[in-house]
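A quick write-up on the structure given underneath.
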Ligand code: NAP
Ligand code: 3JN
């Protein structure tokens, strides 16, 4: 029997996330019939390569989705809000990498390792969480199931690739400027649309996304709200501090988690070793722990530096690292797409 194939659209195909989505569709031999690569008018006409074939990028419009089965969106929330409903009208299932629908009570927010069952409840749009949330909940889910979680305090160390191609270029350019003894002209970070910019090279910026009224940034509040929704537990208390650092790929997180029940460190290690998509790297004797440089380009979430908290017996400190463009964005989305095609093809 010949394999069923699907018409796929990638919206934001020329971006940092879109580029990784294309790489994964190719590497995973995703059953693509026709591929549409969509962007703004700026990149329309540009030619990208997929499985050795040239594909011309088109401007994304409401009519781009005729005949499309699966649409993967990563072109910002405004584009998703405008175009995803048109894709749904044309019969496509949308997997949306933006913040547009994540907290919409009618939309499911999915990390397959945590709540894959929610995929069946979608009504046309499946939201992909924020990268910082994804890697944290993927690592904490097996521990939540075993011990219950009452509280999470997280500080992130986020790579510039989370802010797109221009932010990567800015960090590399500024680094050269500093090393050459020249003045640095910040242009993009911390937030492209805000007037004040800060140097990222050789620096740490404690602002990711805009500030909200409570003094936390939107990125921090995304972590708070999305964690509760994905875990399906509004009682989990979450507090986040999100920081941009001069790393290209890979977000790192220092996480303090307080369990509801007593735990043994060996049990935590064993649960993480067995958990899907998680790699435990935790051997202080050999100075082994997760590093962004090791995680870059890989799909897994890496966990290490496991320590019982010194102030709370049911508290655990850990270090969680993952490639923000892989599991944090493109891989989580393609994983969801693979689950959808398996179901449609009757393989599950
Ligand atoms: P990027 O490198 O700046 O790329 C932006 C992409 O969006 C480009 O392909 C761009 O096309 C396209 N685009 C911009 N305006 C558009 C429009 N009006 N219509 C159609 N396409 C348009 O950014 P990125 O890092 O790939 O991120 C893109 C989006 O993905 C973000 O805004 C965010 O919503 C989401 N994201 C999610 C996560 C996550 O945590 N899950 C992480 C990073 C990003 P042109 O080439 O024509 O400009
Ligand atoms: O900065 C990061 O490391 C992750 C950035 C994610 C992001 C960037 C711009 C717009 C998002 C997101 O996924 O939440 C959005 C957005 O969709 O609002």
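The values are calculated or read from the model by the stated rules, or taken from the named source; none is laboratory data. Keep in mind that this is a model prediction, so the values were computed, not measured. FYI the Cβ positions are ideal-geometry reconstructions off the backbone, even for glycines, and counts take in every protein chain you see.
Among 162, 181, 192, which is the only one that is at positive phi and at pLDDT 95 or above? Write out each step before concluding.
Details: 162 fails: at positive phi; 192 fails: at positive phi.
None of the others qualify; the one that does is 181.
Closer than 22 Å to residue 123 by Cβ, away from ligand 1 (no atom under 16 Å from the Cβ) and outside any helix (DSSP H, G or I): does that describe residue 346? Let's see the steps before the verdict.
Details: closer than 22 Å to residue 123 by Cβ: yes; away from ligand 1 (no atom under 16 Å from the Cβ): yes; outside any helix (DSSP H, G or I): yes.
Against the criterion (closer than 22 Å to residue 123 by Cβ, away from ligand 1 (no atom under 16 Å from the Cβ) and outside any helix (DSSP H, G or I)), residue 346 qualifies.
For residues that are within 16 Å of ligand 1 (Cβ to nearest atom) and in a helix (DSSP H, G or I), tally how many sit in region 146-192.
Residues of region 146-192 within 16 Å of ligand 1 (Cβ to nearest atom): 154, 156-173, 187-192.
Of the ones still in play, those that are also in a helix (DSSP H, G or I) are 160-163, 165-173.
Number of matching residues: 13.
Does any residue of region 43-60 turn out to be within 16 Å of ligand 2 (Cβ to nearest atom) and either surrounded by fewer than 18 Cβ atoms within 10 Å (Cβ to Cβ) or touching a residue at least 12 places away in the same chain (Cβ under 8 Å) (or both)? Walk me through it before giving the result.
Restricting attention to region 43-60, the residues satisfying the condition of being within 16 Å of ligand 2 (Cβ to nearest atom) are 60.
Checking the rest, the ones that are also either surrounded by fewer than 18 Cβ atoms within 10 Å (Cβ to Cβ) or touching a residue at least 12 places away in the same chain (Cβ under 8 Å) (or both) come to 60.
There is at least one residue in region 43-60 that is within 16 Å of ligand 2 (Cβ to nearest atom) and either surrounded by fewer than 18 Cβ atoms within 10 Å (Cβ to Cβ) or touching a residue at least 12 places away in the same chain (Cβ under 8 Å) (or both).
Filter region 232-250 down to the residues that are touching a helix residue (DSSP H, G or I) at 6+ places or on another chain (Cβ under 6 Å) and more than 27 Å from residue 105 (Cβ to Cβ) and list them by number. Write out each step before concluding.
Taking region 232-250 and keeping what is touching a helix residue (DSSP H, G or I) at 6+ places or on another chain (Cβ under 6 Å), we get 234, 236, 238, 240, 242, 246-250.
Once the filter is applied, which keeps residues that are touching a helix residue (DSSP H, G or I) at 6+ places or on another chain (Cβ under 6 Å) and more than 27 Å from residue 105 (Cβ to Cβ), region 232-250 yields 246, 247, 248, 249, 250.
For region 2-37, name all the residues that are within 16 Å of ligand 1 (Cβ to nearest atom) and under 17 Å from residue 338 (Cα atoms).
First, the residues of region 2-37 that are within 16 Å of ligand 1 (Cβ to nearest atom): 8-25, 35-37.
Hits for region 2-37 are 8, 9, 10, 18, 20, 21, 22, 23, 24, 25, 35.
Please verify whether residue 139 is buried (at least 24 other Cβ atoms within 10 Å of the Cβ), more than 15 Å from ligand 1 (Cβ to nearest atom) and under 29 Å from residue 281 (Cβ atoms), treating the condition exactly as stated. Before you say what the answer is, go through the steps one by one.
Working: buried (at least 24 other Cβ atoms within 10 Å of the Cβ): yes; more than 15 Å from ligand 1 (Cβ to nearest atom): yes; under 29 Å from residue 281 (Cβ atoms): yes.
Considered against the rule, which asks whether it is buried (at least 24 other Cβ atoms within 10 Å of the Cβ), more than 15 Å from ligand 1 (Cβ to nearest atom) and under 29 Å from residue 281 (Cβ atoms), residue 139 comes out as yes.
May I ask you to list the residues in region 78-132 that are out of contact with any strand residue (DSSP E or B) (no Cβ under 9 Å at 6 or more places or on another chain), assigned to a loop (DSSP other than H, G, I, E, B) and under 18 Å from residue 328 (Cβ atoms)?
Once the filter is applied, which keeps residues that are out of contact with any strand residue (DSSP E or B) (no Cβ under 9 Å at 6 or more places or on another chain), assigned to a loop (DSSP other than H, G, I, E, B) and under 18 Å from residue 328 (Cβ atoms), region 78-132 yields 111, 130.
Under 7 Å between Cβ atoms, at least 6 apart or on separate chains: pull out the pairs that start in region 1-24 with a residue that is at positive phi and in contact (Cβ under 8 Å) with a residue 24 or more places away in the chain and end on any residue that is in a helix (DSSP H, G or I) and buried (at least 17 other Cβ atoms within 10 Å of the Cβ).
Final answer for the pair search is 12/18.
Give just the number: which of (1) out of contact with any helix residue (DSSP H, G or I) (no Cβ under 7 Å at 6 or more places or on another chain); (2) more than 30 Å from residue 313 (Cβ to Cβ); (3) touching a residue at least 40 places away in the same chain (Cβ under 8 Å) does residue 109 not satisfy?
Checking residue 109 against (1) out of contact with any helix residue (DSSP H, G or I) (no Cβ under 7 Å at 6 or more places or on another chain); (2) more than 30 Å from residue 313 (Cβ to Cβ); (3) touching a residue at least 40 places away in the same chain (Cβ under 8 Å), the one that fails is (1).
Collect the residues in region 250-276 that are buried (at least 21 other Cβ atoms within 10 Å of the Cβ) and within 19 Å of the chain's Cα centre (by Cα), keeping them in residue-number order.
Within region 250-276, 250, 251, 252, 253, 255 qualify.
Counting just the residues of region 305-339 that are over 16 Å from the mean Cα position of the chain (by Cα) and surrounded by 20 or more Cβ atoms within 10 Å (Cβ to Cβ), which one comes out nearest to ligand 2 (Cβ to nearest atom)? If you could, list the steps in order and put the result at the bottom.
Taking region 305-339 and keeping what is over 16 Å from the mean Cα position of the chain (by Cα), we get 305-319, 338-339.
From what is left, the residues that are surrounded by 20 or more Cβ atoms within 10 Å (Cβ to Cβ) are 316, 318-319.
Values: 316: 25, 318: 20, 319: 17 Å.
That would be 319.
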